[in-house]
Amino acid sequence: MKLFARPDQLRAAGVLSLNRRNAECIMRLNSRKAYPLVDDKVLCKKTLEARNMPVPGLIGVVARSGDAGRFARKLVGRDQFVIKPANGSGGDGILVITGRRKDKYLATDGRLWDEDELAHHLTNVISGLYSLGGQPDKAMLEELVAFDPVFDLIAFQGVPDIRVIVYRGVPVMAMVRLPTRASHGKANLHQGAVGAGICISTGLTTSAVVGNHQVREHVDTAASVVDFAVPQWEKIVEMAANCHDAVGLGYLGVDIVLDKNRGPLILELNARPGLNIQIANGAGLRPRLALVDASGAPGLPAAERALWARQNITPENPALA
Amino acid sequence: MIMKRSTHGLTLALFLVLAGLAIFAWKVRAFGFPVFPDETSVVWTVQAQISVDPGPGAMKVAMQLPTRTPGYALSDEHFISRGFGTAVDDDRWQRELTWSVRRAAKEQTLYYRGVFFENDQDVELAPRPKFPKPPELDEPYQTALGEIVEEVRDESADVVSFAAQVLVKLNAPAPEDNMALFLQGPLGLDKAHIAQMIMSAARIPVVMLNGVRLVEQARAAPLETWIAVHNGTGWTVFDPNSGNQGLPSDFLLWWVGDAPMVEPTGARLDDLRISIRRQSVSALNLATERARQAGSGVDEFSLLALPLDLQSVYEVLLLVPLGAFIIAFLRNVIGLRSFGTFMPVLIALAFRETQLVAGLVLFTVIVSVGLLIRFYLEKLRLLLVPRLSAVLIIVVLLMAAVSVLSQRLGVDAGLSVALFPMVIIAMVIERMSIVWEEHGPGNAILDGIGSLAIAAFAYLVMGIDLFAWWALVFPELMLVLLGLTIALGRYTGYRVTELIRFRELAK
């Protein structure tokens, strides 16, 4: 394989470039005043809850450094929880605790944290170490999702999540991110997680990548990661379409996890979703965006938009071939 | 595809680029502002040395000054004399200098010195003249004159061709009898005055153009006289001794008319000597002088009008836009990553003092040691701002230590470390340690090398002397840079790194 693609080859494949995403999707469709709704995970969770959309439960918010030492009280009786910077980006600063060993907490990567260390992590979060502009932040304590064992064969620890790109309210591309040993159980592509593209119309995974390389099996479990049927797919597509109505962003990344008891939950929303999803799907975004622009779909109610997407965004559609 | 692309930004960018280039071109073409540093221009210093023998009483010496000088402009002039008062009669067409003194002993030497430079300007030579009276001469001159005029009139169509024909006859190898009468006769006129007389007989106004040739060097440059004839709308210049039309480009017109160049009253002119020397001067000074004379305001509203110490500040400051443009290009077109958006520009500015290799070494040393200490601080679990402050203090201490050490070792390069932007370095260390922990040492080191590579590239580009020169002399080129940056902001194509990143999608 060649080291470089020629620009005309990428254009032919309909690859959306970072510059074009910024100029023509984010700057044009995402109004700046809607950003706090998604950038602040606490606010986002409350906005979605207000519309009766399923989200992981909130344990509490630590907003002052002085409270960090007393956080344990909020965690009484819990040995599974997640600490997130409310304004974090790219998964930085997220700490997933899955169990307890005596008085220490066990993180997904196997490291044990004592209360002092957790408190220090919380003050780091609060002082803005992981926040978007180094602004002072809040630490959000969230219930750990009891994730659906359906992914057990193709995920190494951690919580796999499903990313759906919603363009003008229409779900246009999706992938599932599968944690690996290299990603320390985090579903983060640039930390080494597997990204598997999902067909919007069928909910079957089509292709997968690690980093920028295509794979067919999970790097740790060796199970096939293609042709895997994502459960409750119709509901997931509709939830993604609904999120657009909740926050009003025209170019939106919706992250969904599958809870074994509650079904699909909206983990977080992203106003600047990345472009690796194109590699995971082996397809460019531009033809799909053009298809949405040319249709009347953005004017429909959420459920009909989801239906339109499942009917039209398929490899059988000649416009996307 | 997605939207009808707005052309607003690109129009603005185009406007800025064109405006910047237009001002640039105007300054270069109209005033000769030098595009390259160390360019020189040529000026001529013309000196008239006048020796006079004073009489017993008060004396005055009047001298015609260069006033209307087609092809040249005066940049500076001096009148040098001992004990004389000077007054300049400033006429629109002809200036006249008068030296005067009540009593003078022995012989006196007066100097006029003027500095001239080439300057293409359209100058009216003299006021619109009146029709001259036909001369009244004794016979046989009057008859001869009449015959010449008749003859030339038959052979010419208008004023200019009349004058040309007179000069042809005047300069014929074997002049006709009538003409020979004037040329060899006892009237003692030179060709210029014979031509003037003939044309006066035809009622054509003629003036004398007196001047010198601006040669490389001359100790006693001869005065030459050219004639200009007026045809009712404009002047046409002829060489009376060859009939050639048009002033030669090296002719400095000194004065117009029949008056002598120097006219003493109460004294006797002993000697008049004109010397000429060609010199090279800074093209920039000359261009500034031209701009001043043209009243363009370019000289007044220029960075070069600032005090020198401020100029050297701006020489550096004006490189920042160039660095910012390079960053925008490397990030949005090439797709490189760096710690902090403009950190590489500030590092590059510091490199100007340390030089590149020493700068890279010093930067790496300070960041590496700072990083080690930062990892130790991590164990202390300090709050963010005190931790940043601690890193900043450590960076300053490290810089001081490097300076002192290099002084002891006699390594000059180490001293200039003091110019590194310490806050920026502290932030780099902090960001790098975060990336180190979150994304692994590989990513942190790669980003660090990326930042240094961008800084080194920016340093190399900003180090090109030509750009520093342009920034100072042609600050309007910043508009071009701004336009290009705005155009870059509208670039929605692939970054070079995306050609690698998405290569598996290539069809």
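FYI, it's all coordinate maths here, none of it is from the lab. This one's a predicted model, so the numbers in the text were calculated from it and none came from an experiment. Neighbour counts are summed over all protein chains in view; Cβ atoms, including those assigned to glycine, are modelled from backbone coordinates with ideal geometry.
Give the angle, between 0 and 90 degrees and rounded to the nearest 10, that separates the Cα long axis of helix A:233-247 from the longest principal axis of the Cα atoms of chain A.
Taking the Cα atoms of chain A, the angle to A:233-247 is about 80 degrees.
Mind sorting B:Asp120, B:Asp239 by how few other Cβ atoms lie within 10 Å of their own Cβ, fewest first?
Fewest-to-most Cβ neighbours within 10 Å comes out as B:Asp120, B:Asp239.
Semi-axes of the equivalent ellipsoid for region A:131-237, please: Cα gyration tensor eigenvalues, times 5, square-rooted, ordered largest first, whole Å.
Whole-Å semi-axes of the equivalent ellipsoid: 23, 19, 15.
Starting from the Cα of A:Lys102, draw a straight line to each of the lysines and keep only those under 21 Å, dropping any in the same chain fewer than 8 residues away.
Qualifying lysines at Cα under 21 Å: A:Lys74.
For chain B, what class follows from the C-alpha gyration tensor (a ≥ b ≥ c being the square roots of its eigenvalues): rounded when a/c is under 1.5, otherwise prolate if a/b is larger than b/c, else oblate?
Judged from the Cα gyration tensor, chain B comes out prolate (a/c at least 1.5, a/b above b/c).
Just order A:256-267, A:161-172 by mean Cβ neighbour count inside 10 Å, highest at the front, would you?
A:161-172, A:256-267
Starting from the alpha-carbon convex hull of the protein assembly as shown, give the projected area averaged over all orientations, in nm².
Averaged projected hull area, Cα only: 55.4 nm².
Using Cα positions and a limit of under 16 Å, work out the lysines in reach of B:Lys191, with same-chain residues fewer than 8 apart set aside.
By straight Cα distance, B:Lys191 reaches B:Lys169.
Placing one identical point scatterer on every Cα of region B:322-399 and ignoring solvent, what is log10 I(q)/I(0) from the Debye formula at q = 0.12, 0.14, 0.22 Å⁻¹?
-0.46, -0.61, -1.05
Tilt of helix A:302-312 relative to the longest C-alpha principal axis of chain A, in degrees (0 to 90, nearest 10)?
For helix A:302-312, the angle is close to 50 degrees.
Setting aside same-chain residues fewer than 8 positions from A:Lys104, which aspartates and glutamates have a Cα under 19 Å from its Cα?
Cα-Cα hits under 19 Å: A:Asp79, A:Asp114, A:Glu115, A:Asp116, A:Glu117, A:Glu142, A:Glu143.
At a Förster radius of 51 Å, what calculated FRET efficiency corresponds to the Cβ-Cβ distance of B:Glu263 and B:Ile464, to the nearest 0.05?
E(calc), rounded to 0.05, equals 0.30.
Within region B:155-187, find all residues whose amide N lies under 16 Å from a label point positioned 7 Å from the Cα of B:Thr236 along Cα-to-beta-carbon.
So the set is B:155-170.
What spacing in nm lies between the two simple spin-label points modelled at B:Arg113 and A:Arg70, each 7 Å away from Cα in the Cβ direction?
Placing both labels 7 Å along Cα→Cβ, they lie 8.9 nm apart.
In peptide B:433-440, how many Cβ atoms from other protein chains are near each Cβ within 10 Å, on average?
3
In whole Å and largest first, what semi-axes does the C-alpha gyration tensor of region A:58-143 yield when each eigenvalue is scaled by 5 and square-rooted?
20, 14, 11
Say R0 is 45 Å: what FRET efficiency, to the nearest 0.05, do A:Ala229 and B:Leu372 get from their beta-carbon distance?
Efficiency computed from Cβ-Cβ geometry: 0.35.
What 222 nm value per residue comes from the helices of chain A, counting each DSSP H run with n ≥ 4 as -39,500 (n - 2.57) and dividing by all residues, nearest 500 deg cm²/dmol?
My calculation for chain A gives -7000 deg cm²/dmol from helical runs alone.
Ordered by packing density, taken as the mean number of other Cβ atoms within 10 Å over each peptide's residues, highest first, how do B:187-196, B:373-382, B:339-348, B:319-328 rank?
Top to bottom by mean Cβ count within 10 Å: B:339-348, B:319-328, B:187-196, B:373-382.
Nearest 10 degrees, 0 to 90: what angle lies between the long axis of helix B:477-489 and the longest principal axis of chain B (Cα atoms)?
40 degrees
What is the Cα centroid distance between region B:420-479 and region A:264-294, reported in whole angstrom?
33 Å
Quick check: Cα centre of region B:187-226 to Cα centre of region A:30-66, how many Å?
96 Å
How big, on average over all directions, is the shadow cast by the Cα convex hull of chain A, in nm²?
Orientation-averaged projected area of the Cα hull: 16.3 nm².
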